[in-house]
Every structure is written in structure tokens, then in C-alpha cells.
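Only one structure is covered here, and it is reproduced in the block below.
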Amino acid sequence: MGVGVLGVMMVSLYGGLYFGFAQVKISREDERATQILQEKMEVVRLLNWSQVANLPGYVPATFTASYAVGNPTNAPASSLTYSGTVLVTNAPLSETYSNDLRMIQVQVRWQSGGVNHQRQMTTFVSHYGLQNYVY
């Protein structure tokens, strides 16, 4: 009887540990996806209006990034790879100033454990935004 109870306890302990480590792995992948999105948004923030609105293709439409932050250019073959898109489009507004706004959407996708994941960030860039502001 004691061996049976011990067996059930060990299986439960193993299940709990497996679930805990799986959650940590998913959280790390989500955090890396957020870092990639933030990195792309920071690049967009540094562009001026002409680069965003008047030079199609200046902002690359697709990108890939590695989970291995320590060595992103030579990541191991088994490393998780994120693929993403950057979409620069007119803002979905009907106001008179809509021609002075662009909507930037950055989306990142990855597959882990047979499950597809995706995250997205959206922002707006204004023609007369902060880059023209003198402090």
C-alpha cells in the first residue's frame, strides 16, 4: 500500500515539475519575442518621416531573429528561430490629418513544441512627431 502511494506521489511530482519547466520555457520564448518586437519598434522610432513614408522598402518588410541572444548570427542549428514582418501602411483614419500618419505593425511568429505562436505590436508615426521637436 505504501509503495502504491509513493508511486502516485512520484508521478504527481514529476508531472508538476514537467509543467513548471514547460511554463518557464514558454515564458522565456514570449519574453524573447517581446524583446524582438521592442527592438524593431526602437528602429522605427529613430527614422524620420521621409524614411518611413516616402521610401518604400527602407524599412525591411521581413526579418528573422534567433532565440540565442549570445550569438545571434551563428546560432546553433537546433536554436529556435523567430520570423517576423514589418508593415508600414496608412493610418486607418478618416480625419484630415490622416495623410500625416503611418501605422507600423510589427509581428513575430515562431513554432515551439508543435504549437504556433505569434505576437504583434502596433504604433503610429506622425509627420510632425517628436523627431522635429527641439528640446
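The values are calculated or read from the model by the stated rules, or taken from the named source; none is laboratory data. Treat the numbers as computed from the prediction; the structure is a model and nothing was measured. Backbone-built Cβ (ideal geometry, glycine too); neighbour counts: all protein chains shown. Only protein heavy atoms, including side chains, enter the accessible area calculation; ligands, DNA and RNA are left aside. Shrake-Rupley method; radii C 1.70, N 1.55, O 1.52, S 1.80 Å.
Quick notes
- Where Ser79 falls short, out of the listed (1) surrounded by fewer than 14 Cβ atoms within 10 Å (Cβ to Cβ); (2) not in a loop (DSSP other than H, G, I, E, B): (2)
- Condition met for Glu39 (over 17 Å from Phe124 (Cβ atoms), open to solvent by less than 60 Å² (accessible area, probe 1.4 Å) and either outside any loop (DSSP other than H, G, I, E, B) or touching a Pro at 6+ places or on another chain (Cβ under 8 Å) (or both)): no
- For Asn71, the criteria (1) modelled with pLDDT of 85 or more; (2) polar (S, T, N, Q); (3) surrounded by 10 or more Cβ atoms within 10 Å (Cβ to Cβ) hold in every case but one, which is (1).
- Screening the candidates Gln105, Gln120, Gln131 for the property of being more than 22 Å from Ile26 (Cβ to Cβ), open to solvent by less than 100 Å² (accessible area, probe 1.4 Å) and at pLDDT 90 or above yields one hit, Gln105.
- Check on Ile36, closer than 30 Å to Gly129 by Cβ and modelled with pLDDT of 90 or more: yes
- All of Val3, Val86, Val24, Val11 fail the test of being of a type in the set (A, V, I, L, M) and closer than 30 Å to Gly129 by Cα, apart from Val86.
- If the condition is being within 24 Å of Thr81 (Cα to Cα) and open to solvent by less than 60 Å² (accessible area, probe 1.4 Å), then segment 44-60 contributes Val44, Val59.
- Qualifying residue in segment 18-26 (condition: open to solvent by 100 Å² or more (accessible area, probe 1.4 Å), hydroxyl-bearing (Ser, Thr, Tyr) and assigned to a helix (DSSP H, G or I)): yes
Here's the yes/no breakdown for (1) out of contact with any helix residue (DSSP H, G or I) (no Cβ under 8 Å at 6 or more places or on another chain); (2) modelled with pLDDT of 90 or more:
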residue	(1), (2)
Val44	no, no
Asn48	no, no
Gly57	yes, no
Ala65	no, no
Pro76	yes, no
Leu80	no, no
Ser83	yes, yes
Ala91	no, no
